[in-house]
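A.B. asks: Here it is, the structure in full.
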Protein chains: 2
Amino acid sequence: MEAFLYGRLYLVTDRQGLAEGHFLDIIEKAVQGGVTCVQLREKSASDAVFLALAHQLKKRLQPYQVPLIINDRVDIALVVGADGVHLGQSDMQVHLARKVLGPKAIIGLSAEISVENVQAAEVLDVDYIAVGPIFPTSTKMDAGPACGLEGLRALCLASSKPVIAIGGINQHNLASVMDQGVVGGAMVAALMQAVDPYASAQAFRACIDQKLSKRFV
Amino acid sequence: MEAFLYGRLYLVTDRQGLAEGHFLDIIEKAVQGGVTCVQLREKSASDAVFLALAHQLKKRLQPYQVPLIINDRVDIALVVGADGVHLGQSDMQVHLARKVLGPKAIIGLSAEISVENVQAAEVLDVDYIAVGPIFPTSTKMDAGPACGLEGLRALCLASSKPVIAIGGINQHNLASVMDQGVVGGAMVAALMQAVDPYASAQAFRACIDQKLSKRFV
């Protein structure tokens, strides 16, 4: 599957304070609303908890044929049969993850907002790069300064890989983000903390598809 | 390889405050002195650093044919071609790790000092269980209370799996530990912080082999 398909509305999970059932319900509603890909991100869970969540989430996503991507952990992706893995700059190197997961796995890489990282990714076997934070964000404590729309455009121009934007994207700025050359937008808070994740996802997806349809047809 | 061979003098690494070269030198000297197995334990390193260390350590250990076991991380064990993995109670489940690493991999499990954990391990495909802390320890902050020699004996009696003792073992108590039914002793500080890791390992190994020779011949 290509990044311009699954990368359009990319949900990155944030479980903080949510019971497992409620957490999964939010994700499922967002998927029903139009999320095209789910990345399970767990920064403090034990491996056993992370694994159990990944199994549950995989079951929930199965009927929708929406890929499940695991943040960081190649072993957990392998064991639960996830569709891929998302790696940061200090995670396992891409070629090693590819060796473990095989040619069909989706492998994404955080390029942050560094032109050097974006250029280094050119020779890597990655399916997409995630660029951000575009705007200030509250859900990633270690995120650096935001690059803004112009910064995003420059990074998209520097990359031949599909770019997914992340960091502070919401209903107010999504359309402008989509104008900078990305294949999609990734969201954490705008979906996980939405009053109505279904309706929010539906609105985001409509915006994204409209922008993409103008570009690709 | 059987646990009663590689499990005799089991080194668990602790890198805190050590430069990489010095860290590897200490381990190599301890191996030359008689360490039979090395577990690379990294609790706060990034995956990239953990991987790089695992690669370096594997190279160092290769001439000695001493197994390299990776703490927790099945993916890192897989990628560097380590001999196995050591799992905690909240890590990936044993059967999943076995599925990923295959039948020849060494898989060890921390049973802590719980009879329930020891009994639960009876039906698992583990090569050994690690029991501890036997004595109070300074190198594992989240370790529970110590079980002492009598507690260790009870846990060994409750297990048909090879038991490796860990936690606060040193030159003063190693002989008594070996009398409780274990196949070996695991050490962190007593080797990593030794003034002369070669001489310490040699002394520990002599003690262990003497105790085991009385049991098995």
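A.B. asks: Given (1) in contact (Cβ under 8 Å) with a residue 60 or more places away in the chain; (2) out of contact with any Ser or Thr (no Cβ under 9 Å at 6 or more places or on another chain); (3) in a helix (DSSP H, G or I), identify the lone condition not met by B:GLY185.
C.D. replies: (3)
A.B. asks: When only residues in region B:22-60 that are β-branched (Val, Ile, Thr) and open to solvent by less than 20 Å² (accessible area, probe 1.4 Å) count, which is farthest from the chain's Cα centre (by Cα)?
C.D. replies: Taking the candidates together, the pick is B:ILE26.
A.B. asks: Quick one: would you say B:ASP125 is within 14 Å of another protein chain (Cβ to nearest Cβ), touching a helix residue (DSSP H, G or I) at 6+ places or on another chain (Cβ under 7 Å) and not polar (S, T, N, Q)?
C.D. replies: Against the criterion (within 14 Å of another protein chain (Cβ to nearest Cβ), touching a helix residue (DSSP H, G or I) at 6+ places or on another chain (Cβ under 7 Å) and not polar (S, T, N, Q)), B:ASP125 does not qualify.
Rundown of residues vs (1) crowded, with 18+ Cβ neighbours inside 10 Å; (2) of a type in the set (S, T, N, Q), yes/no style:
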residue: A:LEU109; (1), (2): yes, no
residue: A:ALA120; (1), (2): no, no
residue: A:THR139; (1), (2): yes, yes
residue: A:CYS147; (1), (2): yes, no
residue: A:GLU150; (1), (2): no, no
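A.B. asks: Next question, about the same structure. In the set A:VAL195, A:VAL126, A:VAL177, which member is within 21 Å of A:ILE107 (Cβ to Cβ) and either within 16 Å of the chain's Cα centre (by Cα) or not in a helix (DSSP H, G or I) (or both)?
C.D. replies: Answer to the check: A:VAL126.
A.B. asks: Take the residues in region B:160-174 that are of a type in the set (Gly, Ala, Ser) and open to solvent by 20 Å² or more (accessible area, probe 1.4 Å), then tell me which one is farthest from the chain's Cα centre (by Cα).
C.D. replies: Among those residues, the one meeting the criterion is B:SER160.
Residue-wise test of (1) more than 20 Å from B:THR13 (Cβ to Cβ); (2) not aliphatic (A, V, I, L, M).
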site: B:LYS140; (1), (2): no, yes
site: B:SER176; (1), (2): yes, yes
site: B:LEU191; (1), (2): no, no
site: B:ALA201; (1), (2): no, no
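A.B. asks: Same structure, new question: Looking only at residues that are part of a loop (DSSP other than H, G, I, E, B) and farther than 21 Å from B:ASP91 by Cα in region B:16-58, which one is farthest from the other protein chains (Cβ to nearest Cβ)?
C.D. replies: Ranking the candidates gives B:GLY34 first.
A.B. asks: For region A:80-103, name all the residues that are at the interface with chain B (Cβ under 7 Å from one of its Cβ atoms) and open to solvent by less than 10 Å² (accessible area, probe 1.4 Å).
C.D. replies: Result: A:MET92, single match.
A.B. asks: Please tell me if A:GLY21 is over 14 Å from A:PRO67 (Cα atoms), small (Gly, Ala, Ser) and without any contact (Cβ under 8 Å) to a residue 40 or more places away in the chain.
C.D. replies: Judged against the criteria, A:GLY21 is a match.
A.B. asks: Oh, and also: Look through B:ILE113, B:ILE69 and report the one residue that is of a type in the set (Val, Ile, Thr), within 22 Å of B:ALA30 (Cα to Cα), in contact with a Cys (Cβ under 9 Å, 6 or more places away or on another chain) and away from every other protein chain (no Cβ under 13 Å).
C.D. replies: Unique residue meeting the criteria: B:ILE69.
A.B. asks: Assuming A:GLY88 fulfils every condition listed in (1) more than 15 Å from the chain's Cα centre (by Cα); (2) more than 17 Å from A:VAL31 (Cα to Cα) apart from one, which condition is it?
C.D. replies: (1)
The values are calculated or read from the model by the stated rules, or taken from the named source; none is laboratory data. These numbers were taken from a predicted model, which means no experiment stands behind them. Glycine gets a Cβ as well: all are built from the backbone with ideal geometry, and neighbour counts include every protein chain shown. For accessibility, only protein heavy atoms count, side chains too; no ligands or nucleic acids. Shrake-Rupley method; radii C 1.70, N 1.55, O 1.52, S 1.80 Å.
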